[in-house]
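Novice: I am attaching a structure below and will ask some questions about it afterwards.
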Amino acid sequence: MSNESINNHAAFIWSVADLLRGDYKQSEYGRVILPLTVLRRLDCVIAPVKPDMLDRYHQVEGTIDNYGPVLDRFTDIKHLWNVSQFDLAKLLDDTDNIADNLRAYIAGFSPQIRDIIEHFDLNTQITRLDRSNLLYKVLGKFVDLDLHPDKVSNLEMGYLYEELIRRFSELSNETAGEHFTPREVIRLMVNLLFEGDEDRLSTPGIAKTIFDPACGTGGMLSVAENQIRLINENANLQVFGQELNPETYAVCRSDMMVKGQNAENIAFGNSFSEDGHEGQRFDYLLANPPFGVEWKKVKDEVEGEHETKGYAGRFGAGLPRINDGSFLFLQHMISKMKDPADGGSRLAIVFNGSPLFTGSAGSGESEIRRWIIENDWLEAVVALPDQLFYNTGISTYFWIVTNRKDPARKGKVQLIDARESFTKMRKSLGEKRKEISDEQRADIVRLHRNFDQQKSDEDSARSKIFTNESFGFLRITVERPLRLRWEISPEGIESLRVDKKFAKLTDDQQELILKRFADLTGPIPGEELIETVSSAMKEAGTKGKPLQTAIVDAFAVKDPDAPVVVDKKGNPEPDSDLRDNENVPLPVVSVVHEPDPSHRLESDEYIEAVDSYVKAEVIPYVADAWVDHDKTKIGYEIPLTRHFYVYTPPRPLHEIDTEIKQLESEIQDLLAEVTQ
């Protein structure tokens, strides 16, 4: 079937929407047309063998409990059989009972096929169409469409179905972004995912698996499958996915089915709490998970797995903040990569900017970045243009992650700036105003491929290579000594009155203690103050170190010229108000990251790096500062924008002044015309 023929078929099916106009909103057309397209395809596949299928069914009916395996043999599509007396054409013979008969026809399918139809919620649409007197007309349109495999192959049916999905998604701007990724974005993502694997994929008889944990309508899986077909038309690619939304799950599963893929590889449910492919590993993984979606609904399950299984589970590296589950998807995907000894895996995922830098050192996000980078899995990050997606105009990024890096990429991460690689669309679709052309896609892939080769100045400005350690830092705590003097003052008395520990005393006890300070005023040595407080507490009939400290602290005054306060061991006490934090670049340390988040922070290399930094950047300005090494944390972030920042000097003042004068002159001329 030619592209023209596919488009003609799509246009014919699309014409059904003319019947729905008025009774359905545009965004609802797909709820009717997509499931009925699937039904018509199944109807056409079964048609030649339906008499034999029914005969065999009547032979075994009542003799065995599970007759599914017997009926599975009649078609090439797994679990495709129907034991009702109807087909779509026969439904038109009884216009008075068409809705009930259609339901009976659907009930005659195998449980696996009914699962797809039920998630489409077609029963609701049957009722709605019947009440609007549209069911007969709509079914009549589909009966006129020949989708028999002799006319439309599985591959061609896949293209046809994808075209319908694309049209409905673009028609419905308000929901397109939730379930549909622009095809040119997927093609770029898939090209980067398979980059360098062309020889591997062109091997005769090659068999590979690919997985999408947030597969939506299955667009990414379809493009990936098509790309492999271009490399090797005889390749055996098995696709797997999972989807939370019932309708898009049905679309994806039906898409896989009409292409001849095993539809059972598409699981339904939340990937975090209901792993539909537990224990399985895949050669390739890709995803465009929802941006900034909270995971509060599965909080108990995720936290439970994190705490009980650690690195033996999926979320051992850390948990991101509750309002953004992006990193949960990435960890979930990494857990499904094959072991390098078994060939390893490659994955690509779409993120917004948050995973690059959100979270301070020691936070869940930082620890996840640290885990990925220190294991040398992060291959590249590609910054994409904004306004690429249907429901958001924000900037997005591809992360390419693999546990089988090429030798030249070991210990390195490539950053690619493709933010200007776009073509403006003639007509926007929702928030989507830009697209990536084929030439621009090829150029981005070229930058990724030639990462370590001699580059032109233009390429060097768009592609940069960094060592893994470049993204790490030591978050140190710089302390300054506490310097205090003591002074009896009305402010100190008032501060003592509102102190919680002092307020627990009886009124008489409070007055006895305050009376001792009534005749005192001005500075007082610390030792003398402590003796006075101890005596006053004894007279008031109370005791306790916390209370004594609270009373003494009420009269403390910070003074940069006062003596340093020391503890019992003679060490200076830190002043929390003067405490500061600094980021020290992470040194190259020969410590392999094991499944244990506590890197050896006391290693000589770390301490030496911190001491050198403090000596050069801190001590010259505050000579009495020191570092509390017990509070040092390792952090990781990927400041991509900073690495590609190009300073643009401001325009000269005389040029700005000239422009202002020109504008003033133009305004005066306009005012003169108005007042004439």
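Novice: Which of the residues that make up the range 604-637 are outside any helix (DSSP H, G or I) and under 30 Å from I372 (Cβ atoms)?
Specialist: Start the filter on the range 604-637 by keeping residues that are outside any helix (DSSP H, G or I), which leaves 618-628, 632-637.
Scanning the range 604-637 gives V627, D628, T632, K633, I634, G635, Y636, E637.
Novice: Tell me the strands (runs of 3 or more DSSP E) entirely within the range 317-423 that contain at least 2 residues that are farther than 20 Å from S271 by Cβ.
Specialist: Values: elements: 346-351, 378-383, 397-402, 412-417.
Those strands (runs of 3 or more DSSP E) span 378-383, 397-402, 412-417.
Novice: Further question on the same structure: Looking at the range 57-68, I want the residues that are in the same structural domain as L80 (by TED's automatic domain parsing) and have a partner that is loosely packed, with under 10 Cβ neighbours inside 10 Å and of a type outside the set (K, R) with Cβ atoms under 8 Å, at least 6 apart or on another chain. Which pairs are those?
Specialist: G68/P111
Residues are listed down the side, and each one gets a yes or a no for (1) in contact with a helix residue (DSSP H, G or I) (Cβ under 9 Å, 6 or more places away or on another chain); (2) farther than 19 Å from H148 by Cα; (3) in contact (Cβ under 8 Å) with a residue 60 or more places away in the chain:
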position: A17; (1), (2), (3): yes, yes, no
position: S27; (1), (2), (3): yes, yes, yes
position: L34; (1), (2), (3): yes, no, yes
position: K50; (1), (2), (3): yes, no, no
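Novice: Now for a separate question. Give me the residue from the range 313-322 that is over 18 Å from T358 (Cβ atoms) and free of Cβ contacts under 8 Å to residues at least 60 places away in the same chain and, out of that set, surrounded by the fewest Cβ atoms within 10 Å (Cβ to Cβ).
Specialist: Among them, the one singled out is G313.
Novice: Something else about it: Look at the range 119-145 and say how many of its residues are under 22 Å from G218 (Cα atoms) and either free of Cβ contacts under 8 Å to residues at least 60 places away in the same chain or among the β-branched types (V, I, T) (or both). Give the derivation first.
Specialist: Of the residues in the range 119-145, the ones under 22 Å from G218 (Cα atoms) are 119-122.
Pick out the ones that are also either free of Cβ contacts under 8 Å to residues at least 60 places away in the same chain or among the β-branched types (V, I, T) (or both) and you get none.
The total comes to 0.
Novice: While we're looking at this one, here's another question. If I ask for residues that are more than 18 Å from D624 (Cα to Cα) and either exposed (fewer than 14 other Cβ atoms within 10 Å of the Cβ) or in contact with a helix residue (DSSP H, G or I) (Cβ under 7 Å, 6 or more places away or on another chain) (or both), which ones from the range 552-568 would you list? Steps first, please.
Specialist: Filtering the range 552-568 down to residues more than 18 Å from D624 (Cα to Cα) leaves 552-557, 568.
Selection gives V552, A554, F555, K568.
Novice: Kindly provide the set of residues from the range 476-519 that are out of contact with any strand residue (DSSP E or B) (no Cβ under 8 Å at 6 or more places or on another chain), charged (D, E, K, R) and assigned to a loop (DSSP other than H, G, I, E, B), ordered by number.
Specialist: Within the range 476-519, D499, K504, R516, D519 meet the criteria.
Novice: Considering the range 339-356 alone, what residues qualify as being surrounded by 19 or more Cβ atoms within 10 Å (Cβ to Cβ) and either farther than 27 Å from R183 by Cα or of a type in the set (D, E, K, R) (or both)? Steps first, answer last, please.
Specialist: To start, the set of residues in the range 339-356 that are surrounded by 19 or more Cβ atoms within 10 Å (Cβ to Cβ) comprises 345-351, 354-356.
Selection gives R346 alone.
Novice: Shifting gears a bit: Out of the residues in the range 137-153 meeting the condition of being out of contact with any Phe, Trp or Tyr (no Cβ under 7 Å at 6 or more places or on another chain) and surrounded by 17 or more Cβ atoms within 10 Å (Cβ to Cβ), tell me which one is nearest to N226 (Cα to Cα).
Specialist: To start, the set of residues in the range 137-153 that are out of contact with any Phe, Trp or Tyr (no Cβ under 7 Å at 6 or more places or on another chain) comprises 137-144, 146-153.
Pick out the ones that are also surrounded by 17 or more Cβ atoms within 10 Å (Cβ to Cβ) and you get 138-139, 141-142, 147, 149, 152.
Details: V138: 32, L139: 31, K141: 30, F142: 27, L147: 21, P149: 19, V152: 17 Å.
It comes out as V152.
Novice: Here's something else I'd like to know. Is there a residue in the range 282-290 that is of a type outside the set (A, V, I, L, M, F, W, C), farther than 25 Å from T392 by Cβ and touching a residue at least 12 places away in the same chain (Cβ under 8 Å)? If you could, list the steps in order and put the result at the bottom.
Specialist: As a first pass, look at the range 282-290 and keep what is of a type outside the set (A, V, I, L, M, F, W, C): 283-284, 288-290.
Of the ones still in play, those that are also farther than 25 Å from T392 by Cβ are 283-284.
The next check asks that each one be touching a residue at least 12 places away in the same chain (Cβ under 8 Å); those that pass are 283-284.
Among the residues of the range 282-290, at least one is of a type outside the set (A, V, I, L, M, F, W, C), farther than 25 Å from T392 by Cβ and touching a residue at least 12 places away in the same chain (Cβ under 8 Å), which makes the answer yes.
Novice: Does at least one position in the range 1-12 carry a residue that is modelled with pLDDT of 85 or more, part of a helix (DSSP H, G or I), out of contact with any Phe, Trp or Tyr (no Cβ under 6 Å at 6 or more places or on another chain) and among the aliphatic types (A, V, I, L, M)?
Specialist: Taking the range 1-12 as the starting set, the residues that turn out to be modelled with pLDDT of 85 or more are none.
No, that holds for no residue.
Novice: Ok, one more. Being of a type outside the set (G, A, S), out of contact with any Lys or Arg (no Cβ under 9 Å at 6 or more places or on another chain) and surrounded by 12 or more Cβ atoms within 10 Å (Cβ to Cβ) narrows it down to one residue among I64, I46; which is it?
Specialist: Unique residue meeting the criteria: I46.
Novice: Now, a different point. For the range 285-301, give me each residue that is assigned to a loop (DSSP other than H, G, I, E, B) and on the phi < 0 side of the Ramachandran plot. Show your work before the answer.
Specialist: Residues of the range 285-301 assigned to a loop (DSSP other than H, G, I, E, B): 288-295.
N288, P289, P290, F291, V293, E294, W295 - these are the residues of the range 285-301 that are assigned to a loop (DSSP other than H, G, I, E, B) and on the phi < 0 side of the Ramachandran plot.
Novice: Given the residues R475, R516, which is the only one that is under 28 Å from D559 (Cα atoms) and either surrounded by 12 or more Cβ atoms within 10 Å (Cβ to Cβ) or among the aromatic types (F, W, Y) (or both)?
Specialist: Details: R475 fails: under 28 Å from D559 (Cα atoms).
Every option except R516 fails the conditions.
Novice: Taking the stated definitions as given, is E582 crowded, with 16+ Cβ neighbours inside 10 Å, in contact with an Asp or Glu (Cβ under 9 Å, 6 or more places away or on another chain) and not assigned by TED's automatic domain parsing to the domain that holds F517? It would help to see each step written out before you state the result.
Specialist: Numbers: crowded, with 16+ Cβ neighbours inside 10 Å: yes; in contact with an Asp or Glu (Cβ under 9 Å, 6 or more places away or on another chain): yes; not assigned by TED's automatic domain parsing to the domain that holds F517: yes.
It is true that E582 is crowded, with 16+ Cβ neighbours inside 10 Å, in contact with an Asp or Glu (Cβ under 9 Å, 6 or more places away or on another chain) and not assigned by TED's automatic domain parsing to the domain that holds F517.
Novice: Can you pull out the helices (runs of 4 or more DSSP H) entirely within the range 43-143 that have at least 2 residues that are under 27 Å from G269 (Cβ atoms) and over 38 Å from the mean Cα position of the chain (by Cα)?
Specialist: On the way: elements: 50-60, 68-71, 88-91, 98-107, 111-120, 122-131, 135-143.
Where helices (runs of 4 or more DSSP H) fall fully within the range 43-143 and carry at least 2 residues being under 27 Å from G269 (Cβ atoms) and over 38 Å from the mean Cα position of the chain (by Cα), they are 68-71, 98-107.
The values are calculated or read from the model by the stated rules, or taken from the named source; none is laboratory data. From a predicted model like this one, the values you see are computed outputs, not experimental measurements. Every residue, glycine among them, receives a Cβ derived from its backbone with ideal geometry; neighbour counts consider all protein chains shown.
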